[in-house]
Amino acid sequence: MYKKIMKLLYSSKTIFKNEIANFGITIKEYKIFFIKFKKTIYYTNNSSNKIFKLDSNKNHIPFTNYEEIKKYGSIKINGENNTIILPDTKNLDCFIEINGNFNKIEIKGVKRPSKIYCVFEKNNDNRELSIGNCELIGNVNFRIIDSNKKIIIGDNCLFSYGIYIWTTDSHSIFDINTNQKINNDKDVYIGNHVWIGRNATINKGSYIPDNCVVGANSFVNKKFNENNCIIAGTPAKTVKHGITWKY
């Protein structure tokens with residue numbers, strides 16, 4: 001009786017599976033307490049898209065089948081000549097979606113269980129997310145829309161939970177007289193050994209120097225130039241100088 005009840009409350013099945021040039025899409029449907037949800041394992045619509053794994057010597061080893069990629073979570077690519085480079089680790093849980101061409105995502109490493117949500121929207125090109133060897137990426141949402149924009153993050157960083165790092169305002173704002181867009185995307189740079197507290201937002205045009213701390217719930221929207229500072233507030237400002245931190 002117990003087994004029948006558990007089967008009724010929780011079940012999973014593959015509802016769609018297709019192979020495309022050695023990779024493909026697998027969608028599983030889960031039911032927990034009568035609530036259904038779906039998880040896409042991996043998809044690419046063009047063989048010019050490449051996914052690599054970094055070995056211990058930082059060589060790029062191509063994945064040979066999507067079974068190897070399942071441990072990273074959900075990855076979808078729609079476009080041509082896109083590249084994803086992932087560390088050889090079980091600590092990374094991803095949702096990655098790339099739309100467009102010649103885009104690149106590289107994550108060099110995470111030491112502790114980490115969760116990343118990354119979307120490149122609107123079929124634009126030449127965008128980049130680069131993340132160095134990090135201590136922890138607790139739960140971070142990355143978003144890039146416009147072409148030729150990037151998010152660059154250094155080594156030994158620590159990211160808490162509920163963090164948003166965007167190059168974009170998401171929706172466009174136009175001058176009513178000229179009809180020109182006035183809120184274009186801007187790059188985001190985060191240096192080495194930066195600690196970002198929970199629920200912080202790092203908005204377009206932000207630059208956070210080495211060895212800084214960003215306080216919880218802060219909204220960063222400009223360039224800071226001084227290392228070893230605490231940056232906090234909405235909008236954020238430097239609140240303390242001459243600090244360092246350790247995990």
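Derivation of every value follows stated rules applied to the coordinates shown; laboratory data play no part. Computed from a predicted structure; not experimentally measured. Heads up, the Cβs are rebuilt from the backbone with ideal geometry, glycines too, and the neighbour counts pull from every protein chain shown.
Computed from backbone phi, the HN-Hα couplings of region 71-85 come to 5, 8, x, 10, 10, 10, 10, 10, x, 10, 6, 9, 10, 10, 10 Hz, rounded to whole numbers (Karplus: 6.51 cos²θ - 1.76 cosθ + 1.60, θ = phi - 60°; Gly and Pro given as x).
Here the Karplus relation 6.51 cos²θ - 1.76 cosθ + 1.60, evaluated at θ = phi - 60°, turns the backbone of region 94-105 into coupling constants of 10, 10, 10, 9, 10, 10, x, 10, 6, 9, 9, 10 Hz, with x for every Gly and Pro. Each of the peptides 81-87, 230-236 was scored by the mean count of other Cβ atoms within 10 Å over its residues; in descending order, highest first, they stand as 81-87, 230-236. Projecting the Cα atoms of Ile145, Ile230, Ile163 onto the charge dipole of region 137-247, computed from C-beta unit charges around the Cα centre, puts Ile230 farthest toward the positive end.
Only bridges whose two residues both fall in region 89-240 count here: according to DSSP, what percent of them are antiparallel, nearest 5?
Numbers: 5 of 50 bridges.
Looking only at bridges with both residues in region 89-240, the antiparallel portion is about 10 percent.
Based on the mean of other beta carbon atoms within 10 Å per residue, what is the order of 47-59, 205-217, most packed first?
Working: 47-59: 13.8, 205-217: 19.8.
Highest mean packing first, the order is 205-217, 47-59.
Taking amide H positions as modeled 1.01 Å from N, with prolines and chain starts lacking one, the residues under 5 Å from Asp125 and 5 or more places away or on another chain are Asn101, Ser147, Asn148.
Shown in residue order for region 49-62 are the 3J(HN,Hα) couplings computed by the Karplus curve 6.51 cos²θ - 1.76 cosθ + 1.60 at θ = phi - 60°: 6, 10, 10, 10, 10, 7, 8, 5, 9, 6, 6, 8, 9, x Hz (x for Gly and Pro). Note on Tyr161 and Ser47: with the Förster distance fixed at 35 Å, the Cβ-Cβ geometry gives a FRET efficiency of about 0.40.
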